[in-house]
1. Name, by its number, the condition in (1) under 14 Å from the mean Cα position of the chain (by Cα); (2) closer than 22 Å to residue 115 by Cα that does not hold for residue 86.
2. Under 8 Å between Cβ atoms, at least 6 apart or on separate chains: pull out the pairs that start in region 99-115 with a residue that is at positive phi and end on any residue that is exposed (fewer than 11 other Cβ atoms within 10 Å of the Cβ) and aromatic (Phe, Trp, Tyr).
3. Keeping to region 26-52, report how many residues are assigned to a loop (DSSP other than H, G, I, E, B) and either under 15 Å from the mean Cα position of the chain (by Cα) or surrounded by 14 or more Cβ atoms within 10 Å (Cβ to Cβ) (or both).
4. Looking at region 11-25 only, could you name the residues that are open to solvent by 30 Å² or more (accessible area, probe 1.4 Å) and either at pLDDT 95 or above or not in a strand (DSSP E or B) (or both)?
5. Scan region 26-67 for residues that are modelled with pLDDT under 95 and in contact with a Gly (Cβ under 9 Å, 6 or more places away or on another chain) and jot them down.
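The values are calculated or read from the model by the stated rules, or taken from the named source; none is laboratory data. Owing to the predicted nature of the structure, the values given are computational and were not obtained by experimental measurement. In this analysis, Cβ positions are derived from the backbone assuming ideal geometry, glycine residues included, and neighbour counts consider all displayed protein chains. Ligands, DNA and RNA are excluded from the accessible area calculation, which covers all protein heavy atoms including side chains. Shrake-Rupley method; radii C 1.70, N 1.55, O 1.52, S 1.80 Å.
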Amino acid sequence: QVQLVESGGGLVQAGGSLRLSCAASGIIFGLNAMGWYRQAPGKQRELVATITNAGRTNYADSVKGRSTISRDNAKNTVYLQMNSLKSDDTGVYYCDVQILGMDYWGKGILVTVSS
């Protein structure tokens with residue numbers, strides 16, 4: 001089994017910053033890409049950012065330039081630093097990891113940006 005533990009969410013004022021973390025444990029042999037997705041109220045889940053085990057990154061246009069995804073392969077942990085937060089960034093953020101072609105999802109962590 002794969003366990004994903006997300007942390008770092010909460011309430012933040014517009015213009016502020018936060019850092020999300022997601023630590024993977026369990027049967028994680030073959031861990032490849034890691035990433036973050038989010039789901040705003042009434043909307044579908046969408047990509048925020050991903051990073052491969054080689055460090056290649058991909059960002060949604062909505063967060064590009066304001067966010068940085070990184071990972072610590074020794075700790076099997078992925079991070080998402082988000083700056084200049086906007087009310088549109090509000091939502092539940094989900095960690096996703098790909099292991100041998102399969103996706104595993106975290107339970108989600110709430111981020112609320114107050115204006």
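1. It fails just one condition, (1).
2. 100/29
3. The qualifying residues number 4.
4. Passing the criteria: 11, 13, 14, 15, 17, 19, 23.
5. Hits for region 26-67 are 30, 32, 41.
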